[in-house]
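Take a look at the structure set out below.
The values are calculated or read from the model by the stated rules, or taken from the named source; none is laboratory data. Here the structure is a predicted model, which is why all the values come from computation and not from measurement. Here Cβ is always computed from backbone atoms with ideal geometry, including for glycine, and neighbour counts include all displayed protein chains.
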Amino acid sequence: MTSKKTSGITPAQNKKIHALKNALGLDDAVYREILAGFGVSTSRSLTFSGAEELIERFERDALAIGAWRKIPSKKIGTGYREGFATPKQLDMIAALWAEVSTAPPDKREGALRKFVTRQAKVTDLRFLRAGDASRVICALKAMNRQAGDE
């Protein structure tokens, strides 16, 4: 069984990595060298957190040369709403869930919904209150620590 901390890259992450690679104009040799720095030969072999790190690096470089611009998310409820979970809390929940979830990538979102429903008694992350988000984050961190102990 694979470790929960090494859960694989998502299709969205892979797509973003390749879009950023093209925006930066990286040739294949340079790109492979960068991947080798992560201990892999293909982007699909990256861990979730490794992919996030690579995306952040590529985004930073692409923004610096003007080859990329961040577009605000069009997802419902991702902006700041008084009393509800902040975008930063929601991002933290998503990142922690990606590390602890044992569900296959295509079923992770549904599994997260069920987990949040059990923890906070809401059916969707859009309805998660700020205090409940903190409780969900604490539970996910505890799961992450427990997974690390095994």
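Points worth noting:
- Candidate set from the range 11-47 (those that are among the basic types (Lys, Arg) and closer than 25 Å to ARG69 by Cβ); member that is modelled with the highest pLDDT: LYS21
- Note on the range 17-34: among residues that are touching a residue at least 12 places away in the same chain (Cβ under 8 Å) and part of a helix (DSSP H, G or I), the one that is surrounded by the fewest Cβ atoms within 10 Å (Cβ to Cβ) is HIS18.
- Qualifying helices (runs of 4 or more DSSP H) (wholly inside the range 59-149; at least 3 residues being surrounded by fewer than 14 Cβ atoms within 10 Å (Cβ to Cβ) and modelled with pLDDT of 90 or more): 108-120, 130-149
- Of all residues in the range 140-150 being aliphatic (A, V, I, L, M) and either in contact (Cβ under 8 Å) with a residue 24 or more places away in the chain or touching a strand residue (DSSP E or B) at 6+ places or on another chain (Cβ under 8 Å) (or both), the one that is nearest to GLN119 (Cα to Cα): LEU140
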